[in-house]
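What follows is a single structure, written as structure tokens, with notes after it.
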Amino acid sequence: MSEFSRLVHIARTDFSYFFRTKWLMAILISLNVSDMLVTGLVYKGLVGFDYFRFLVPGIVVMGLFSAATDTGRRIWLALREGVVQYYMTLPVRTSGLVAAYIISGGLGGIVYSGLLLIIAFVAIPPQGILNAILLLPFLFILATGIAGLAAFFASISRVGEIYWVYAQALQVSLVTISTIFYPASTISQYLPAPIVTIAEYNPLSLAAGALRDSAFGGSALSTGVVSNLLMVSLPLAGIGALAYWIILRTIRVRGKP
Amino acid sequence: MTHSQAHDLSLYAVETISLSKRYGKTDALRELNFTVDEGEIMVILGPNGSGKTTLLMTLCTILKPSSGTAKVMGIDVVKDGTKVREVMGIAFQEARGFWRHKPSSILKFHASMFDIDPVKRQDLIEQTMKDLELWESRDKLFMHLSGGQAKRLETAKILVQRPKLAIFDEPTSQVDLRGKRKIWDKILELRKQGSTIIVATNEVREAEYLADRVTILYGGRLIVRDSIPKLKDAIAGGDVVEVGFEDPVPGKLLEGLKTLGGTFTVSPGGDQLRANVSKAEDWVPRMTSASYNMGAKISTIKITEPSLDDVFLHFTGKGLVDNQ
């Protein structure tokens with residue numbers, strides 16, 4: 001078995017954990033969806049087909065975020081249960097392990113958001129479906145970055161509760177300050193301009209925007225949208241990879257994360 | 001390959017030179033020079049905190065040494081960790097498994113990572129699980145296994161892998177007596193198949209059952225390394241010989257025995273002699289010969305060896321068990 005095959009095998013095994021806790025993910029997403037519906041009802045008039053078209057891409061991206069951050073929870077457990085240390089005794093280089101985790105984290109995000117997209121396909125025109133499929137690799141890169149950040153928080157959390165604090169902080173930073181659920185125009189009514197700019201260039205906002213325009217809106221998938229998404233996702237993926245690498249290096253030096 | 005042949009070829013299965021590992025202000029390993037010959041079973045004996053696990057973790061490349069070098073099959077663990085990991089396998093002190101996987105899928109994963117022939121893999125896994133009495137638990141998830149079962153699964157991974165260097169860190173802790181014997185026999189079988197084996201333990205019985213040689217670690221330092229008989233012989237007065245005579249021992253014989261070395265006491269009745277000697281196998285023939293010459297008839301001879309705990313006490317000044 002080549003080293004590449006080994007890392008794919010590790011990624012596949014790690015990813016399989018994702019499906020073994022599927023009900024946890026279902027609960028997380030249903031909580032988010034119910035939050036959104038309540039919010040929609042409070043802002044009366046939002047619950048209509050337009051809001052549905054606005055909301056569904058947001059839910060898809062939220063699913064991607066939740067699934068990718070679940071990687072952090074799995075890594076927290078894997079670190080404490082010693083599975084990461086076990087992986088470190090396998091004939092795979094550290095970079096290979098990092099790649100395996102990146103692939104696994106990205107797959108987790110993409111599978112969940114992909115499932116939500118499939119459900120939403122009933123309301124998407126054929127061209128939109130193609131655009132959505134074309135967007136998946138970019139969403140994958142975004143998911144790897146979020147998963148990497150979550151893994152980093154997992155590594156520095158001594159107890160599980162602390163990990164959830166970090167995860168919530170990540171959610172506040174990336175989900176709340178975004179245009180996932182509210183348009184920039186709404187945010188600008190309540191928050192200062194710099195926050196609006198951050199929200200607009202937030203990678204999750206760009207992903208939700210790309211889905212809204214290209215998948216649900218029927219517009220052609222523009223290179224500008226894709227390159228913007230890539231520009232913000234790639235550094236995040238790089239940070240994620242660096243986070244994984246730091247975790248493994250720390251274990252090698254200190255014997256624990 | 002014998003020890004001397006291995007030395008002639010300058011090939012050790014494991015070699016560390018001035019190996020040190022420091023965690024913050026704590027020295028877990030201090031300038032350790034340690035070798036294991038190919039094909040032998042080296043038992044590392046030491047209480048908790050002696051540096052056993054740190055040494056093993058360094059050899060299996062999880063830990064990076066603070067200074068010094070370590071080689072496995074001639075391969076540097078820092079410079080070429082991936083190659084080291086291709087030739088070695090470790091059964092951890094705490095069982096490491098995928099919590100939501102079944103034992104067989106954990107073993108399948110492990111076997112595939114080490115290129116075990118896919119045709120033979122299933123049979124090998126099934127047989128190993130049966131040998132270690134895990135077959136009945138094949139449908140349980142790892143997280144539902146008992147401590148002993150999880151520990152046996154940890155051993156099973158290495159038995160399936162059959163690496164050139166197999167490392168077992170306290171392989172029978174949490175395992176019942178019957179299970180211990182099974183694991184020990186499988187480890188001996190693994191050696192017969194060609195693996196070099198390192199076992200870290202603080203169980204004297206385990207060391208005595210398995211070891212070709214024993215290394216005593218204490219406070220991160222190598223205290224002594226040798227075969228068990230030689231370690232026991234190294235203790236002056238280590239062997240205890242109890243001799244029963246049909247009649248009280250004549251004073252002349254006692255004078256004669258004093259010249260043979262060791263110390264002895266005589267029972268109040270005068271017919272029982274208890275001697276502390278360095279080597280019972282040397283002392284007993286000379287004692288029986290002297291007794292025969294003086295017409296003293298011997299009824300019983302009982303020889304008691306010092307235990308490894310005594311050896312540990314001798315070399316470190318502390319008891320192995322007391323330190324746990």
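The values are calculated or read from the model by the stated rules, or taken from the named source; none is laboratory data. Note that the coordinates shown come from a computational prediction; the quantities given were computed from them, not determined experimentally. Cβ: placed from backbone, ideal geometry, glycine included. Neighbour counts: every protein chain shown. The area values use the complete protein model at the heavy-atom level, side chains included, leaving out ligands, DNA and RNA. Shrake-Rupley method; radii C 1.70, N 1.55, O 1.52, S 1.80 Å.
Would you pull out the residues with amide H under 5 Å of B:A13's amide H, same chain only if 5 or more places away, H placed 1.01 Å from N?
Answer set, sorted by chain and number: B:V36, B:D37, B:E38.
Pop out the Kirkwood hydrodynamic radius of segment B:236-305 from its pairwise C-alpha distances, inverse of mean 1/r, in Å to one decimal.
11.7 Å
At a threshold of 8 angstrom on Cα-Cα distance, excluding pairs fewer than six apart, so keeping six or more, what relative contact order does segment B:176-246 reach in percent?
17 percent
Quick check: residue separation of B:D115 and B:R138 times 0.36 nm, minus the Cα distance between them. What number comes out in nm?
Roughly 6.0 nm would be gained on extension.
Taking accessible area as the heavy-atom solvent-accessible surface of the protein chains with a 1.4 Å probe, which residues of segment B:111-138 lose no less than 30 Å² upon going from the isolated chain to the full protein assembly?
Those are B:S112, B:M113, B:F114, B:D115, which lose 30 Å² or more relative to the chain on its own.
How big is the Cα convex hull of segment B:1-136 in projection, averaged over all directions, in nm²?
10.7 nm²
When the convex hull of the C-alpha atoms of segment B:3-232 is computed, what volume per residue in Å³ does it have?
124 Å³
Can you work out the accessible area per residue across segment B:236-305, with the rest of the protein chains kept in place, probe 1.4 Å, in square angstrom?
Result: 58 Å² of accessible area for each residue.
Hey, rough spin-label estimate for A:V38 and B:D123, points 7 angstrom out along Cα→Cβ, what's it come to in nanometres?
That separation, rounded to one decimal, is 6.1 nm.
Add -39500 (n - 2.57) for each DSSP H run of 4 or more in chain B, then divide by its residues: what number comes out at 222 nm, to the nearest 500 deg cm²/dmol?
Taken over chain B, the calculation gives -11000 deg cm²/dmol.
Provide the gained length on full extension for the span B:S146 to B:L260, in nm with one decimal, where the gain is 0.36 nm per separating residue minus the Cα-Cα distance.
Full extension from B:S146 to B:L260 adds 35.5 nm.
Might you tell me the accessible area per residue for chain A, computed with a 1.4 Å probe and given in Å²?
Solvent-accessible surface per residue comes out at 43 Å².
When only C-alpha pairs under 8 Å and at least 6 residues apart count, what is the relative contact order of chain A, in percent?
About 26 percent, as a whole number.
Which three semi-axes in whole Å describe the equivalent ellipsoid of segment B:194-248, each the square root of 5 times a Cα gyration tensor eigenvalue, listed largest first?
Ellipsoid half-lengths, sorted descending, are 31, 15, 10 Å.
What ³J(HN,Hα) values, in whole Hz, does the Karplus curve 6.51 cos²θ - 1.76 cosθ + 1.60 give for segment B:99-114 when θ = phi - 60°, with x put for Gly and Pro?
4, 9, 10, 7, x, 5, 6, 5, 5, 4, 4, 4, 5, 5, 5, 10
Of all beta bridges DSSP finds with both residues in chain B, what is the antiparallel percent, to the nearest 5?
Taking every DSSP beta bridge with both residues in chain B, the antiparallel ones total about 65 percent.
Could you derive backbone 3J(HN,Hα) for segment A:24-31 from the dihedral phi with the Karplus parameters 6.51, -1.76 and 1.60 (θ = phi - 60°), listing whole Hz in sequence and x where the residue is Gly or Pro?
Going residue by residue, I get 4, 5, 4, 5, 4, 5, 5, 4 Hz, with x marking Gly and Pro.
B:V199's amide H: which non-local residues (gap 5+, or another chain) put their own amide H closer than 5 Å, with H modeled 1.01 Å from N in plane and none for Pro or chain starts?
So B:V199 has HN proximity to B:M42, B:V43, B:I44, B:F168.
In nm, to one decimal, how far is the modelled label at A:I27 from the one at B:R286, with both set 7 Å along Cα→Cβ?
7.7 nm
Calculated from DSSP H runs of 4 or more alone, at -39500 (n - 2.57) each and per residue, what is the 222 nm mean residue ellipticity of chain A, nearest 500?
Calculated mean residue ellipticity at 222 nm is -27000 deg cm²/dmol.
Using 7 Å Cα-to-Cβ label points, what is the B:K130/A:F19 separation (nm, one decimal)?
Taking the simple label geometry, B:K130 and A:F19 are separated by 3.0 nm.
Residue by residue through segment B:303-315, what is 3J(HN,Hα) from phi via Karplus (6.51 cos²θ - 1.76 cosθ + 1.60, θ = phi - 60°)? Round to whole Hz and write x for glycine and proline.
Ordered by residue, 3J(HN,Hα) equals 10, 10, 8, x, 7, 5, 5, 5, 4, 4, 4, 4, 7 Hz.
Can you list residues from other chains, or at least 5 along the same chain, whose modelled amide H is less than 5 Å from the amide H of B:S66?
Residues meeting the criterion, in which the H sits 1.01 Å from N, are B:S20, B:K21, B:R22.
Calculate what fraction, in whole %, of the accessible area of segment B:3-232 sits on carbon and sulfur atoms when a 1.4 Å probe is rolled over the protein chains.
Carbon-and-sulfur percentage of accessible area, whole number: 47.
If one takes the accessible area of chain A alone plus chain B alone and subtracts that of the pair, with a 1.4 Å probe, what total in Å², rounded to the nearest 100, results?
2500 Å²
Mind pulling up the Rg/Rh value for the protein assembly as shown? Radius of gyration and Kirkwood radius, both on Cα.
1.17
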